[in-house]
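Each value in this text was obtained by applying a stated rule to the coordinates, not by laboratory testing. Note that this is a predicted model, so its numbers are computed, not measured. Cβ sites come from the backbone with ideal geometry, for glycine too, and all protein chains shown count toward neighbours.
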Amino acid sequence: MKKKNTRITGSEREVLELLWEENQPLTSAEIVKISEHKTWKPSYIHLMINSLLKKNVIQVAGFKQTTKNYARTFTPTMTREEFSIRMLREENQLNASSLSLLFGALLEEDVDRATIDELSDMLQKKKEELEAADSGIEQNR
């Protein structure tokens, strides 16, 4: 089965960024209204929303009454970080060696002790999961 392409356009990215920043469900009219520095025409919003829905990057969160009508509201289906990882995977840029390089580059940033401790805990937990899986395989042989 063919993998679903979730590459998004620059305009779609602007909409997605806005939804992340606002951190609440928004209607298409609210997205247009809030988008101060948009590079797209307001009439294009419905095409972008439909495209983002097809790519499973946003979802319908519910409905909101606007004057006499009801409008769908939208939220992202994932965080910025999850989306970034998804894009790297889709471009086949995420593998064991690139993960090490990515992790190293992240550590070059201004990282505090608490963040390093959190990352260390995450790595230790993953290590334990892998060891448990390996010992389970050994027991089944």
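Here are a few things to note about the model shown:
- C-alpha long axis of helix 10-22 to longest principal axis of the chain, angle in °: 80 degrees
- Dipole of the chain [Lys/Arg +1, Asp/Glu -1 at C-beta], most positive-end residue of 42, 61, 85: 42
- Relative to the longest principal axis of the Cα atoms of the chain, helix 96-108 runs at roughly 70 degrees.
- Extension gain for the segment residue 89 to residue 54, taken as residue separation times 0.36 nm less the Cα-Cα distance, is 10.7 nm to one decimal.
- Residue-count net charge about residue 9 - beta-carbon cut-off 14 Å; Lys, Arg +1, Asp, Glu -1: +3
- Selected from 55, 126, 38 as most flexible by GNM, with the chain as the system and alpha-carbon contacts under 10 Å: 126
- Order of 67, 115 - criterion: other Cβ atoms within 10 Å of each residue's Cβ, fewest first: 67, 115
- Spatially close lysines, pair count over the chain: Cα under 12 Å, gap of eight or more or interchain: 4
- 0 to 90° range, to nearest 10: angle between helix 80-90 axis and the chain longest Cα axis: 70 degrees
- Exposure proxy ranking, count of Cβ atoms within 10 Å, fewest first, for 87, 48: 87, 48
- Qualifying GluC sites (Glu not before Pro) in the stretch 1-67, DSSP loop, other Cβ atoms within 10 Å at most 11: 36
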